[in-house]
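Take a look at the structure set out below.
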Amino acid sequence: MTLSEAQTKTNLKITYIESDDDIRRKLLSMGIHINELLIKVNDNKFGPVLVLNPLYGLTKLALDRELAEKIQVEYEN
Amino acid sequence: MKINDKLRTIAIVGQPNAGKSTLFNVLSDTKASTSNFAGTTVDLKQTIINIYNESFRLIDLPGSYSLNPNDKAEQVTLDYIMNEQVDLIINLIDSTLLSRSLVMTVELIETGIPMIVGLNMLDESMAHGIFINKQLLEQELRIPVIPITAIFGKGVKNLIDECSKLLSASNHNPAKFDYSAHLENFVVETESILATKTSNLNVSDRFLAIKALEYPVILGSDLRNLTSSINKIASEQILKDHKFDIFESISYERHHIAIKITDKVQTLKSRHERPLIEKLDDWLLHPFWGYVFLLLYFILQFSLIFILGDIISKIIEVPLDFVESLYTPLKLNSPFLYYMTNGIYQGIEGAIGVVLPYLLPLVLITSFFEETGYISRVAFLIDGFMHKIGLHGKSVVPFILGFGCSVPAIYATRIIENKIERKITASLIPLIPCSARISVIFALAAARTGPLWTVLIFFYVIIIIAIVGKIISKFSGKPIGLILEIPNLKIPSLKIPFQKTKTKLMEFIRVALLYLVLGSFIMGMTEYLNLTIYINKFFSPLVSTILGLPEQLGSTLIFGFLRKELVIVMMTQALGISSLDVLPMTNAQILTFTIFVTLYLPCLSTMLVLKREFGRSVILFSSTISIILAFLSALVFKFILT
Ligand SMILES: Nc1nc2c(ncn2[C@@H]2O[C@H](COP(=O)(O)OP(=O)(O)O)[C@@H](O)[C@H]2O)c(=O)[nH]1
Ligand SMILES: [Mg+2]
């Protein structure tokens with residue numbers, strides 16, 4: 001499923017990011033990594049998805065809806 | 001300030017929001033503005049500081065997540081580190097984000113430049129139950145680590161002492177981080193290729209070798225050509241073995257180095273309950289309640305500025321009137337002296353009595369909310385709306401800064417990766433009423449039209465921006481890829497908002513008053529020489545025929561181009577009145593004029609910055625749309641209201 005569809009307040013693991021190099025690299029530098037845990041904090045139907053990489057502390061990242069649709073995730077316990 | 005080229009340079013480098021500008025301010029006396037969102041430090045801020053009787057150049061580099069630039073702000077930082085003679089790097093780290101920050105620390109260590117780590121925001125990390133063992137971290141990195149709380153100046157003395165030690169040390173020997181074997185082999189091989197050529201860059205060959213493999217576009221063409229064949233071989237090989245491309249492979253390895261170090265040096269106290277502020281944040285970002293809070297925020301900010309502004313102007317009025325009564329007797333004895341004095345004094349009175357009362361609460365309240373970190377939440381909440389006009393949430397930050405002043409707002413567009421989107425945002429920023437214009441709008445509203453009209457004008461301007469943005473973006477494709485950091489919500493210190501207000505006040509007194517006194521003087525002279533008539537005649541078709549306003553307002557438009565708040569001050573001058581409530585204009589005329597002045601042209605400093613950042617074409621573009629919009633809008637207001 002995509003990050004956009006996933007439920008909030010759950011642990012997710014990113015499996016695949018479908019986007020061009022620039023954006024994948026930017027994601028990488030801000031802490032969105034393949035095979036790593038990601039928590040979806042909040043989902044704003046009018047706008048972005050809010051995620052948190054627990055390894056990187058409490059700072060949250062807002063990701064565009066379009067972008068969230070390109071990030072494949074699976075539930076992880 | 002002219003900065004001597006022979007001075008040695010200390011650069012503060014770190015990720016956005018690490019507190020670099022705060023530290024810079026503590027270390028120097030100049031007050032660069034700090035803000036709690038990414039990308040505020042976009043123009044190079046530098047100053048001279050004294051450490052034990054030696055002068056150094058201190059520079060506050062734009063925040064960067066890594067040394068692989070994604071936007072112009074990050075590019076500036078990398079360019080500076082590579083090309084300038086940096087003698088010491090202070091790598092500032094937000095201690096609540098240790099592992100993410102260390103990724104860049106590893107990269108910075110690879111540059112080979114002497115370095116010290118400032119472990120900042122100790123107050124925050126303690127509050128969150130994060131403990132970092134300084135000695136262990138020093139062992140891992142083999143460079144000094146100094147815990148500090150920049151906002152309170154704590155630990156800064158130690159930091160300076162350590163800098164001074166390092167600057168006089170002849171050798172430094174930081175940790176070397178090895179990549180996995182076959183990556184490392186390629187790095188070593190590239191390094192030996194680079195060793196055949198002397199470079200005049202400020203960084204180590206190892207750093208250049210890694211970059212030649214990882215991100216060759218940042219190197220000059222000579223180095224790129226030299227390493228292009230090995231880059232090709234390595235890229236193919238790594239992609240085959242790791243199934244990630246070489247850029248990502250290196251990033252992942254650095255990331256793992258950082259995580260490993262973090263695991264060793266950091267301990268987390270388990271938390272029974274989430275702190276209140278984190279719960280509050282859930283509400284502020286909530287898909288429904290978030291918007292309720294946003295609305296409340298606007299109402300609160302608006303009413304506070306209005307109420308405080310009104311109170312301040314009433315208080316200021318008393319001494320201002322008193323001073324006026326002192327020279328009034330001159331009128332009988334020496335009329336010439338009286339008119340000259342009066343001309344200049346009314347300029348001052350207009351600035352202090354009319355503009356300042358609204359400017360001060362505006363700056364104070366806005367920077368208070370900036371300090372809490374709320375502005376990034378606003379960006380998050382209205383990203384959806386921004387998409388509708390073809391921009392994304394990143395433009396929100398510059399837009400919000402635009403309500404303060406267009407100049408820093410235009411610099412802040414550097415955080416926008418996409419060039420076209422950046423240009424669109426920058427061209428729209430001059431349309432946003434800056435604090436100078438807002439003060440004018442508030443003052444006129446307070447004196448005559450009432451607060452509701454202010455809301456209407458804001459609303460109107462925002463709609464205009466939306467429409468124009470929509471039209472321009474039709475030609476530029478859809479924005480994708482907002483990735484915006486939402487820093488932790490903070491209880492703001494009152495110190496910084498007051499400091500910023502003071503800075504703004506000083507700037508206002510220095511620059512605005514100078515212009516005002518000169519302006520009033522020139523205005524008085526032109527009137528004396530009957531030149532105003534020609535200026536007014538020149539603008540008359542526009543001002544009086546089309547817009548139906550008093551012809552005398554023509555000359556104020558020239559002053560408004562210099563600084564927007566001059567319009568209102570010169571207005572009282574031009575019409576020969578002592579205060580705004582006796583303005584000989586109908587409310588409809590006032591509103592028509594206000595909307596025209598708000599939109600009609602970027603002010604001089606804004607134009608200069610637009611030129612510097614984008615060249616003439618964007619000035620031309622931005623000016624053209626603003627003039628057209630000012631006309632159309634003023635006409636709309638005129639016809640609807642009369
Ligand atoms: N709690 C706390 N806040 C800090 C500290 N240092 C800076 N800040 C705040 O963090 C935010 C970002 O600081 P700024 O200097 O603009 O960061 P920059 O982006 O690195 O230049 C501002 O709101 C500062 O007031 C600190 O030591 N403790
Ligand atoms: Mg800064």
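What the table shows:
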item	result
Residue in the stretch B:119-132 that is assigned by TED's automatic domain parsing to the domain that holds B:LEU58, without any contact (Cβ under 8 Å) to a residue 60 or more places away in the chain, farther than 29 Å from B:GLU278 by Cα and more than 16 Å from ligand 2 (Cβ to nearest atom) present	no
Of residues in the stretch B:390-400 being aliphatic (A, V, I, L, M) and touching a residue at least 40 places away in the same chain (Cβ under 8 Å), the one surrounded by the fewest Cβ atoms within 10 Å (Cβ to Cβ)	B:VAL397
Subset of the stretch A:24-59 (residues that are touching a residue at least 12 places away in the same chain (Cβ under 8 Å), open to solvent by 20 Å² or more (accessible area, probe 1.4 Å) and closer than 22 Å to B:ASN418 by Cβ)	none
Residue that is farthest from the chain's Cα centre (by Cα) [pool: residues in the stretch B:346-393 that are more than 14 Å from chain A (Cβ to nearest Cβ) and of a type in the set (Gly, Ala, Ser)]	B:GLY347
The stretch B:229-276: number of residues that are open to solvent by 90 Å² or more (accessible area, probe 1.4 Å), assigned to a helix (DSSP H, G or I) and within 12 Å of chain A (Cβ to nearest Cβ)	3
Search result, residues across the stretch B:441-462 that are open to solvent by 10 Å² or more (accessible area, probe 1.4 Å) and more than 19 Å from B:PHE399 (Cβ to Cβ)	B:ALA446, B:ALA447, B:ARG448, B:THR449, B:GLY450, B:PRO451, B:LEU452, B:TRP453, B:LEU456
Count of residues meeting criterion [open to solvent by 10 Å² or more (accessible area, probe 1.4 Å) and out of contact with any strand residue (DSSP E or B) (no Cβ under 7 Å at 6 or more places or on another chain)] in the stretch B:52-64	3
From B:PHE498, B:PHE539, B:PHE521, B:PHE508, residue being within 16 Å of ligand 1 (Cβ to nearest atom) and either more than 14 Å from every other protein chain (Cβ to nearest Cβ) or out of contact with any Asp or Glu (no Cβ under 6 Å at 6 or more places or on another chain) (or both)	B:PHE498
Matching residues, the stretch B:586-618, being outside any helix (DSSP H, G or I) and open to solvent by 10 Å² or more (accessible area, probe 1.4 Å)	B:THR586, B:TYR600, B:LEU601, B:CYS603, B:GLY615
Flag for B:ASN342 being in contact with a helix residue (DSSP H, G or I) (Cβ under 8 Å, 6 or more places away or on another chain), of a type in the set (S, T, N, Q) and at negative phi	yes
Which numbered condition B:SER555 fails, given (1) touching a residue at least 40 places away in the same chain (Cβ under 8 Å); (2) buried (at least 18 other Cβ atoms within 10 Å of the Cβ)	(1)
Some residue of the stretch B:115-137 being more than 28 Å from the chain's Cα centre (by Cα), more than 14 Å from chain A (Cβ to nearest Cβ) and charged (D, E, K, R)	yes
Residue tally, condition within 33 Å of the chain's Cα centre (by Cα) and hydroxyl-bearing (Ser, Thr, Tyr), over the stretch B:157-216	3
Filtered residues of the stretch B:9-25 (kept if away from ligand 2 (no atom under 12 Å from the Cβ) and modelled with pLDDT under 90)	none
Elements of type helices (runs of 4 or more DSSP H) contained in the stretch B:135-228, each with 3 or more residues being open to solvent by less than 30 Å² (accessible area, probe 1.4 Å) and assigned by TED's automatic domain parsing to the domain that holds B:SER95	B:156-168
Criterion (exposed (fewer than 15 other Cβ atoms within 10 Å of the Cβ), at pLDDT below 85, more than 19 Å from B:LYS423 (Cα to Cα) and in the same structural domain as B:ILE424 (by TED's automatic domain parsing)) met by exactly one of B:PHE498, B:PHE508, B:PHE521	B:PHE521
Test result for B:ASP71, modelled with pLDDT under 90 and either in the same structural domain as B:LYS154 (by TED's automatic domain parsing) or more than 16 Å from ligand 1 (Cβ to nearest atom) (or both)	yes
Single residue of B:LYS279, B:LYS314, B:LYS331 found to be within 14 Å of chain A (Cβ to nearest Cβ), without any contact (Cβ under 8 Å) to a residue 24 or more places away in the chain and not in a loop (DSSP other than H, G, I, E, B)	B:LYS279
Residue match in the stretch B:452-472 (condition: within 14 Å of chain A (Cβ to nearest Cβ) and in contact with a Pro (Cβ under 9 Å, 6 or more places away or on another chain))	no
Strands (runs of 3 or more DSSP E) fully within chain A counting 3 or more residues that are more than 10 Å from chain B (Cβ to nearest Cβ)	A:11-17, A:37-43, A:71-75
Per-region count, the stretch B:360-374, residues on the phi > 0 side of the Ramachandran plot and either away from ligand 1 (no atom under 11 Å from the Cβ) or open to solvent by 10 Å² or more (accessible area, probe 1.4 Å) (or both)	0
Tally of residues being surrounded by fewer than 23 Cβ atoms within 10 Å (Cβ to Cβ) and part of a helix (DSSP H, G or I) across the stretch B:375-389	7
B:PHE475 part of a loop (DSSP other than H, G, I, E, B) and more than 16 Å from ligand 1 (Cβ to nearest atom)	yes
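The values are calculated or read from the model by the stated rules, or taken from the named source; none is laboratory data. Since the model is a prediction, treat every value here as computed from it, not as a measurement. When we count neighbours, we look across all protein chains shown, and the Cβ atoms used for this are built from the backbone with ideal geometry, even at glycine. The accessibility values were calculated without ligands, DNA or RNA, using every heavy atom of the protein model including side chains. Shrake-Rupley method; radii C 1.70, N 1.55, O 1.52, S 1.80 Å.
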